[in-house]
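S.K.: Just passing along the structure, written as structure tokens.
The values are calculated or read from the model by the stated rules, or taken from the named source; none is laboratory data. Everything quoted here is computed from the prediction, not taken from an experiment. Reconstructed Cβ throughout: ideal geometry from the backbone, glycine too, with neighbour counts over all protein chains shown.
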Amino acid sequence: MIPTGSNAKQVEIARLRAISLNDQESPVARIQAARKLLQDHGPSQRSLPIIRKVIKLFVSDSDPDIAERAMKLRARLAKILELKSMKLPKEIEDEPVEISADSLNCDAIATEPEVRQSFDVWHRPAPPDTKEVLRIAYIVRDYTTLDRGIEVWRNGLDINTVLDLVLDGRERNTKNLLSLYRFMELPYSSGIRCLAGSVLHRTVSQILRDRSALPPNDPNDKSYSERLFEELQARS
């Protein structure tokens, strides 16, 4: 199952590609769509031919404004390909352009490496995605209570119920639990309650230790609160 948020991205990529290829759209709209496709989603295997097609169509347009827009897009594409160490055609717009039949298919878009790698918010660098933190925090809140000021699971809870909700379609395997653990461990700076140190964090940590995916507890290790306090002190 594809992680939450991926469908919107697939739809957006398909929409931009469709505008870029649509002969009924104005040249400016097609160039703008191709530029946004390049800037927001990169020159993927299926997007690159579409961007090149737009450049080839309009780089020599009789309207100077349209031609200039296409030339700027060509320069931008060349720069990005150079930065990615991709082989540059001698003349980008003169090379044959072959557009895949499934370029607009959302299921096909989901399989593209560049798209697939950017789906999961758990794999992005710090600070963690605020919406995702809140989603998980609200789930945990519905299944916890306080015992002498400490957050604990409600009596009789099947922890797999919570894990499945938090995993949000990801399989309940060690790899995904490690991703969740690392997401909860990200340095926190957005002012919302942190997941590290929560009952979910403690539970996932223990599951991973039981599976030998994390080292055993070191009695000399500092708690998350202690580490967070030191981090805040270092920033001041």
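S.K.: Among the candidates ASP94, ASP107, ASP65, single out the residue that is exposed (fewer than 12 other Cβ atoms within 10 Å of the Cβ) and at pLDDT 80 or above.
M.R.: Values: ASP94 fails: at pLDDT 80 or above; ASP107 fails: at pLDDT 80 or above.
Within the list ASP94, ASP107, ASP65, the selection yields ASP65.
S.K.: For a quick check of your reading of the model, give me the residue pairs whose first member lies in segment 94-121 and is part of a loop (DSSP other than H, G, I, E, B), whose second is surrounded by 15 or more Cβ atoms within 10 Å (Cβ to Cβ) and at pLDDT below 65, with beta-carbon atoms closer than 9 Å and at least 6 apart or on different chains.
M.R.: What qualifies is ASP120/PRO3; ASP120/GLY5; ASP120/SER6.
S.K.: Turning to a different aspect of this structure: Can you name every residue in segment 125-149 that is among the hydrophobic types (A, V, I, L, M, F, W, C) and either within 20 Å of ASP168 (Cβ to Cβ) or crowded, with 16+ Cβ neighbours inside 10 Å (or both)?
M.R.: Just the residues of segment 125-149 that are among the hydrophobic types (A, V, I, L, M, F, W, C), to begin with: 126, 133-134, 136-137, 139-140, 146.
Selection gives VAL133, LEU134, ILE136, ALA137, ILE139, VAL140.
S.K.: Consider ASN160 against the criteria (1) polar (S, T, N, Q); (2) within 13 Å of THR203 (Cα to Cα); (3) not in a helix (DSSP H, G or I): it satisfies all of them except one. Which criterion is unmet?
M.R.: (3)
Residue-by-condition table, conditions (1) acidic (Asp, Glu); (2) in contact with a Phe, Trp or Tyr (Cβ under 7 Å, 6 or more places away or on another chain); (3) farther than 19 Å from GLU132 by Cα; (4) at pLDDT 90 or above:
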{"position": "LEU186", "(1), (2), (3), (4)": "no, no, no, no"}
{"position": "HIS201", "(1), (2), (3), (4)": "no, no, no, yes"}
{"position": "ASN220", "(1), (2), (3), (4)": "no, no, yes, no"}
{"position": "GLU226", "(1), (2), (3), (4)": "yes, no, yes, no"}
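S.K.: Take segment 23-47 and flag every residue that is in a loop (DSSP other than H, G, I, E, B), closer than 21 Å to ARG76 by Cβ and modelled with pLDDT of 90 or more.
M.R.: GLU25, SER26
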